[in-house]
Amino acid sequence: MMSERVHSKDVKAAVMRKLEERGVSLVDIAEIVLAMQSPYYPNLQIEQCIESVQKVLEKREMQHAILVGIELDVMAEKGMLSEPLQSLVTQDEGLFGCDETLALGSVLGYGSIAVTTFGHLDKHKVGIIKRLDTKVGNGVHTFLDDLIASVAASASSRIAHRLRDEEERGNP
């Protein structure tokens, strides 16, 4: 049975709604981007970071990863996963790794800067990522904290490459 294709605007709207429901704003993510890139670009403005986050969130792969991750977190909060998956997700088990794998797959299109920034954010839990970390916060955000790190890392890489391009064109 063939069903009607889901329009990309509907998918993006769902992502934005789900992020908001989970307490994540574009500014929250942009603040991480600013923290990551301002040492290299001291004149970087939060508006540039918000724009970069928005562009990253337009990518289908990122949208799909976010929807899957949030859905798994919500299902875990409701006790709807079978064991042992329920416990692994609820406890944000350190050796689980599927949360990082999903998020890491989403940064690969943004190059080595995104990959290394993701690793840093996963390790140091910067900004809203720290609040979302299931081990210290309320609710289950096993996938979401890593996905936010993925968006921030991708947006950081995007800015680094774009600002370098502008420098080379003579537009600092």
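If you bin every alpha carbon distance in the chain into 10 Å steps from zero, what whole percent lands in each bin? Over the chain, the share of Cα pairs per 10 Å bin runs 10, 39, 33, 14, 4, 1 percent. Here the 3J(HN,Hα) profile of the range 85-90, calculated from phi with Karplus coefficients 6.51, -1.76 and 1.60 at θ = phi - 60°, is 4, 3, 5, 4, 6, 4 Hz, Gly and Pro shown as x. With 0.36 nm allotted per residue and the present C-alpha distance subtracted, the Lys125-Glu47 stretch has 25.8 nm of extension available. Here the residues Val53, Val15, Val6, Val151, ranked from fewest to most Cβ neighbours within 10 Å of their Cβ, fall in the order Val6, Val15, Val53, Val151. Close Lys pairs in the chain (alpha-carbon distance under 28 Å; sequence gap of 8 or more, or different chains): 27.
Please give the calculated 222 nm ellipticity per residue for the chain, where each DSSP H segment of at least 4 residues contributes -39500 (n - 2.57) and the sum is spread over every residue; nearest 500 deg cm²/dmol? Write down the numbers at each step before the final one.
Working: 9 runs with 116 residues, N = 172.
Computed mean residue ellipticity for the chain: -21500 deg cm²/dmol.
Spatially, the range 30-84 and the range 153-171 are offset by 19 Å when compared through their Cα centroids.
Values in this text are rule-based calculations from the coordinates and carry no lab data. Quantities reported herein were computed from a predicted structural model and do not represent experimental measurements. Neighbour counts run over all protein chains shown; Cβ positions are idealised from the backbone, glycine included.
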